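Sharing a structure, written as structure tokens. Questions coming.
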Amino acid sequence: MSVRQLPVVIVHNLGKMCYKKALKVQKDACNNILKYIASKDFESIENYLFLVEHEPVYTVGIRNKQYFKDEDKLKKLGADFVVTDRGGLITFHGPGQLVSYPVLYLGHFDAKKSIKWYVRQLENTLIDTCKSFNVNATTTSDVGVWIDDRKIAAIGIHGSRYVTTHGIALNCNVDLSWFSHIVPCGIEGKETTSLSKELQRDVTVAETIPHFLQSFQKIFACSYQYKDV
């Protein structure tokens with residue numbers, strides 16, 4: 001009986017990069033996968049996991065009409081403003097936040113190629129990452145990952161032909177005041193928190209990355225090929 005080979009994920013650490021440039025990187029990777037899907041060459045598909053720390057930017061998802069009136073106000077704060085094709089409403093990305101974009105062909109990971117399964121795996125990856133810091137995070141009826149009523153991580157994805165783009169953002173030592181200018185993900189009356197705030201010490205993106213990669217590898221049952229890390 002043959003043993004199922006673990007899917008390989010190519011890990012790229014993009015370092016600090018503006019949102020639009022990182023968006024192009026993941027779109028190029030997505031198009032590369034779609035090219036192989038079109039030719040039914042599924043064995044040649046490469047799966048990617050991009051890690052990045054963004055310059056300040058507010059991004060909005062496909063339900064975005066209500067936010068255009070705030071664009072100028074948010075830009076005056078010194079942040080960019082970008083409309084995307086991900087799910088979800090408005091959120092912030094910036095220094096001190098670990099952002100990860102898994103660009104994956106779900107057929108390599110889940111026989112049903114289920115988007116619901118994929119989102120659950122992302123949630124479990126974030127929960128496991130927090131657990132490695134002895135921080136007890138959970139999911140709730142609201143999107144994202146939470147510590148009681150404090151949001152520590154956001155999830156916003158897009159799927160096309162079972163290929164994923166966009167991803168997650170985990171607050172490490174990000175300046176949380178950026179979130180005070182918006183209603184993050186459209187959820188009223190909730191706080192935003194970070195690993196640093198919960199642990200009362202400075203937790204950097206660099207310190208968090210190995211924990212996140214270990215959790216992602218475990219939850220997604222994959223192996224890694226490292227590039228630019």
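For the charge dipole of the chain, defined by +1 on Lys and Arg C-beta atoms and -1 on Asp and Glu C-beta atoms about the Cα centroid, which residue among Ser223, Thr140, Ala111 has the Cα displaced farthest towards the positive pole?
Ala111
Right, another one. For Ile152, list long-range residues whose amide hydrogen, built 1.01 Å from N in the peptide plane, is under 5 Å from its own amide hydrogen.
Excluding prolines and chain starts, which carry no amide H, the hits are Val145, Trp146, Ile147, Thr193.
Using the Cα gyration tensor of the range 62-129, with a ≥ b ≥ c the square roots of its eigenvalues, what is the shape: rounded (a/c below 1.5), prolate (a/b larger than b/c) or oblate (neither)?
The shape class here is prolate.
Tally Lys and Arg at +1 and Asp and Glu at -1 over the other residues with C-beta under 13 Å from the C-beta of Phe81: what net charge comes out?
Spelling it out: positives minus negatives among the neighbours equals 0.
Enumerate by residue number the trypsin sites (Lys or Arg not before Pro) in the range 18-104 meeting two conditions: DSSP loop (anything except H, G, I, E, B), and at most 14 other Cβ atoms within 10 Å of the site's Cβ. Write out the running numbers ahead of the final one.
On the way: sites: Lys20, Lys21, Lys24, Lys27, Lys35, Lys40, Arg63, Lys65, Lys69, Lys73, Lys75, Lys76, Arg86; in loops: Lys40, Arg63, Lys76, Arg86.
The qualifying sites are Lys40, Arg63, Lys76.
Taking loop as defined by DSSP and a crowding limit of 11 other beta carbons within 10 Å, which trypsin sites (Lys or Arg not before Pro) in the range 166-229 fit? Mind dumping the intermediate values first?
On the way: sites: Lys190, Lys197, Arg201, Lys218, Lys227; in loops: Lys190, Arg201.
Listed in order of number, the matching sites are Arg201.
Pull out the extension gain between Lys75 and Ile62, defined as 0.36 nm times the separation in residues minus the alpha carbon to alpha carbon distance; nm, one decimal.
Here the segment from Lys75 to Ile62 would lengthen by 2.7 nm.
Ranked from the most accessible area to the least, with a 1.4 Å probe and all protein chains present, what is the order of Tyr36, Tyr118?
On the way: Tyr36 60, Tyr118 0 Å².
These residues rank, largest area first, as Tyr36, Tyr118.
Scan around Val11 for amide H atoms under 5 Å from its own, H built in the peptide plane at 1.01 Å from N, and keep only partners 5 or more places away or cross-chain.
The answer is Leu49, Gln225, Tyr226, Lys227.
From the backbone phi of the range 27-37, what are the Karplus-calculated ³J(HN,Hα) couplings (6.51 cos²θ - 1.76 cosθ + 1.60, θ = phi - 60°) in whole Hz, Gly and Pro given as x?
So the Karplus estimates, Gly and Pro as x, are 5, 4, 5, 4, 4, 5, 5, 4, 4, 6, 5 Hz.
Same structure again: What is the chain's relative contact order, in percent, from Cα pairs under 8 angstrom and six or more apart in sequence?
Working: 436 pairs, mean separation 57.4, N = 229.
Once normalised by length, the contact order is 25 percent.
Moving on to the next point. Could you list, in their original order, any pairs among Lys24/Lys73; Lys113/Lys218; Lys21/Lys151; Lys27/Lys227; Lys40/Lys113; Lys75/Lys151 whose Cα atoms are separated by more than 20 Å?
Table pairs above 20 Å Cα-Cα are Lys24/Lys73; Lys21/Lys151; Lys75/Lys151.
Once you order the gyration tensor axes a ≥ b ≥ c over the Cα atoms, which shape class does the range 151-229 get: rounded for a/c under 1.5, otherwise prolate or oblate by comparing a/b with b/c? Intermediate results must be reported in sequence, preceding the final value.
On the way: a/c = 2.48, a/b = 1.30, b/c = 1.91.
Oblate, since a/c reaches 1.5 and b/c is not below a/b.
Would you kindly derive the ³J(HN,Hα) couplings of the range 197-212 from the backbone phi angles with the Karplus curve 6.51 cos²θ - 1.76 cosθ + 1.60 (θ = phi - 60°), listing them in order in whole Hz, with x for Gly and Pro?
3J(HN,Hα) across the range 197-212, in whole Hz: 5, 5, 8, 6, 7, 6, 10, 8, 4, 4, 5, 7, 3, x, 5, 5.
Still on this model: Taking a probe of 1.4 angstrom, what is the accessible area of Thr140 in Å², to the nearest 10?
Number for this one is 60 Å².
Let me ask something else. Ile157's amide H: which non-local residues (gap 5+, or another chain) put their own amide H closer than 5 Å, with H modeled 1.01 Å from N in plane and none for Pro or chain starts?
Correct list: Gly87.
Okay, moving on. For Cα pairs less than 8 Å apart in space and 6+ apart in sequence, what is the mean separation divided by the residue count of the range 123-185, i.e. the relative contact order in percent?
Once normalised by length, the contact order is 19 percent.
Here's another thing I want to ask about it. Apply the Karplus curve 6.51 cos²θ - 1.76 cosθ + 1.60, θ = phi - 60°, to the phi angles in the range 154-161 and return the couplings in whole Hz, x for Gly and Pro.
10, 10, x, 10, 9, x, 9, 6
Lys and Arg at +1, Asp and Glu at -1: add these up for the other residues within a Cβ distance under 15 Å of Leu106 and post the number.
Result for the local shell: +3.
Could you please state, rounded to a whole Å, how far the C-alpha centre of the range 14-40 is from the C-alpha centre of the range 150-217?
21
Explain nothing, just the number: dipole magnitude of the range 59-192 about its Cα centre with +1 on each Lys and Arg Cβ and -1 on each Asp and Glu Cβ, in debye rounded to the nearest 20.
Dipole size: approximately 420 debye.
Calculate how steeply helix 115-131 sits against the longest principal axis of the alpha-carbon atoms of the chain, using the helix alpha-carbon long axis, and give the answer as 0 to 90 degrees to the nearest 10.
60
Hey, can you find the accessible area per residue of the chain for me, probe 1.4 Å, expressed in square angstrom? Spell out each step's value before the answer.
Values: 11070 Å² over 229 residues.
Value returned for the chain: 48 Å² of accessible area per residue.
The values are calculated or read from the model by the stated rules, or taken from the named source; none is laboratory data. What you are looking at is a predicted structure, and each value in this text was computed from that prediction instead of being measured. All Cβ positions, glycine included, derive from the backbone under ideal geometry; neighbour counts span all protein chains shown. For accessibility, only protein heavy atoms count, side chains too; no ligands or nucleic acids. Shrake-Rupley method; radii C 1.70, N 1.55, O 1.52, S 1.80 Å.
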